[in-house]
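To start, the structure under review is shown below, and the notes come after it.
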Amino acid sequence: MPARLNLAALTADELQTLLGAGGAQARWPEVSQARLEGRALPGPALPTTLSFGPLEERVWGATPEQSRLLAAFEAQLHAAGAEPVGVFYSPERRVSPHGRAFVLGPDAAVTLRWSEVAGAPQPVPFVEALTWLRDRASGLACVLSTGVTVVPAPALSEEIDLRPLPGASATELLTAHRAAVLRHGRGNRVVGVEGWIRAWQELRSLNVAAWTRRGLLLPGEEGEG
């Protein structure tokens, strides 16, 4: 069962990102009261795991412009040597649930993400690259480079070397990602679609552990929020 977010434990910025400026302002009195009383305030559901449902190939994009952008990103990813391993739908990813999966080099799980839902928080496609590190002596577990323009909320684990590159092309993002990984040493191998799925599922697990430490998660039956 999905957990629910504890609104009383979120920062003001996280509340605004999740609920919007108006929604955060409307709930602020409740949040403040809950904090004063030292109690939780159940909010929206937050899935603690990711699923990846495979999709049949078709022409993707909700609009001609989105289709054009997807084709441009794909061309850049192919030119960089990324190997496509499928298209998936992840309903738990609120911002952009569609994803074309790629494996790049020995250690990068790459995703071209987008949403075909009208009014999506992130209407423009973007690329993400994830590499898990072999050496975690620095306290970091992985490098995540993302072209998303919507700030993640709740904030991601402190064990992630998060490289936000909003609006970056695939070429720019992959170049920056490789440089960041090399500064840490070497990454763990990613093999095929199974390795790609495992890399992203483990990232969600890492974040869930961080959110649990912060007291952000409540059992799903706690309330509707």
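For GLU116 and LEU162, calculate 0.36 nm times their separation in residues minus their Cα-Cα distance, and state this gained length in nm to one decimal.
14.0 nm
Calculated mean residue ellipticity, 222 nm, the chain: -12000 deg cm²/dmol, from DSSP H runs (n ≥ 4) at -39500 (n - 2.57) each, averaged per residue and rounded to 500. Fully extending the segment from GLU57 to THR212 would add 52.1 nm, taking 0.36 nm per residue of separation and subtracting the current Cα-Cα distance. Since only LEU130, SER67, PRO44 are under comparison, the one whose Cα sits farthest along the positive direction of the charge dipole of the chain, derived from C-beta charges on Lys, Arg, Asp and Glu, is LEU130. Computed over segment 3-46, the percent of Cα pairs more than 17 Å apart is 21.
Peptides 25-38, 154-167 ranked from most to least packed by the mean count of surrounding Cβ atoms within 10 Å: 154-167, 25-38.
Put simply, the amide H of LEU46, placed in the peptide plane, has neighbours under 5 Å in ALA3, ARG4, LEU5, leaving out anything fewer than 5 places away on its chain. A cut-off of 5 Å between modelled amide H atoms, ignoring neighbours fewer than 5 places along the same chain, links ARG163 with LEU144, SER145, THR146.
The angle between the Cα long axis of helix 192-213 and the longest principal axis of the Cα atoms of the chain comes to about 20 degrees, rounded to the nearest 10. The GNM of the chain, with springs linking C-alpha atoms under 10 angstrom apart, assigns the highest mean-square fluctuation among GLN122, GLN201, GLN16 to GLN16. For the pair GLU172 and GLU37, the difference between a 0.36 nm per residue extended length and the Cα-Cα distance amounts to 43.8 nm. With both residues required to sit in segment 53-210, DSSP beta bridges show an antiparallel share near 85%. For Cα extents along the principal axes in Å, the value computed from the atomic coordinates appears in the list (1) 77, 51, 25; (2) 56, 46, 28; (3) 60, 56, 32 under label (2). The charge dipole of segment 3-46, taken about the Cα centre with unit charges on the Cβ atoms of Lys, Arg (+1) and Asp, Glu (-1), comes to about 120 debye, rounded to the nearest 20. Summing Cβ point charges (Lys, Arg +1; Asp, Glu -1) relative to the Cα centre of the chain gives a dipole of roughly 400 debye.
May I ask for the angle, rounded to the nearest 10°, between helix 170-184 and the longest principal axis of the chain, with both axes built from Cα atoms and the value confined to 0 to 90°? The two axes meet at around 80 degrees.
Based on C-alpha pairs under 8 angstrom that are at least 6 apart in sequence, segment 1-124 has a relative contact order of 20 percent.
Under 13 Å from a point 7 Å along the Cα-to-Cβ line of ARG134: which residues of segment 177-194 have their amide N that close? Residues passing the 13 Å test: 182, 184-190. Taking θ as phi - 60° and the Karplus parameters 6.51, -1.76 and 1.60, the scalar couplings of segment 8-22 work out to 5, 9, 7, 6, 4, 5, 5, 4, 5, 5, 6, 9, x, 4, x Hz in sequence order, x denoting glycine and proline. Using the 1.4 Å probe convention, the accessible area of segment 53-210 works out to 45 Å² per residue with neighbouring protein chains retained.
Working note: Karplus 6.51/-1.76/1.60 with θ = phi - 60° gives segment 62-67 the couplings 7, 9, x, 5, 5, 4 Hz, where Gly and Pro are set to x. In percent, rounded to a whole number, the relative contact order of the chain is 24, using alpha-carbon pairs under 8 Å and six or more apart. Across segment 138-148, rounded Karplus estimates of 3J(HN,Hα) from the backbone phi angles (6.51 cos²θ - 1.76 cosθ + 1.60, θ = phi - 60°) give 6, x, 9, 9, 7, 10, 10, 10, 9, x, 5 Hz, Gly and Pro being marked x.
Accessible surface of the chain, 1.4 Å probe: 57 percent of it comes from carbon and sulfur atoms. Applying 1/(1 + (r/R0)^6) with r as the Cβ-Cβ distance of GLU30 and VAL151 and R0 = 30 angstrom yields a FRET efficiency of 0.85. Summing Cβ point charges (Lys, Arg +1; Asp, Glu -1) relative to the Cα centre of segment 47-151 gives a dipole of roughly 200 debye.
The values are calculated or read from the model by the stated rules, or taken from the named source; none is laboratory data. These figures come from a predicted structure and were not determined experimentally. Cβ coordinates were reconstructed from backbone atoms using ideal geometry, including for glycine residues, and neighbour counts include every protein chain displayed. Ligands, DNA and RNA are excluded from the accessible area calculation, which covers all protein heavy atoms including side chains. Shrake-Rupley method; radii C 1.70, N 1.55, O 1.52, S 1.80 Å.
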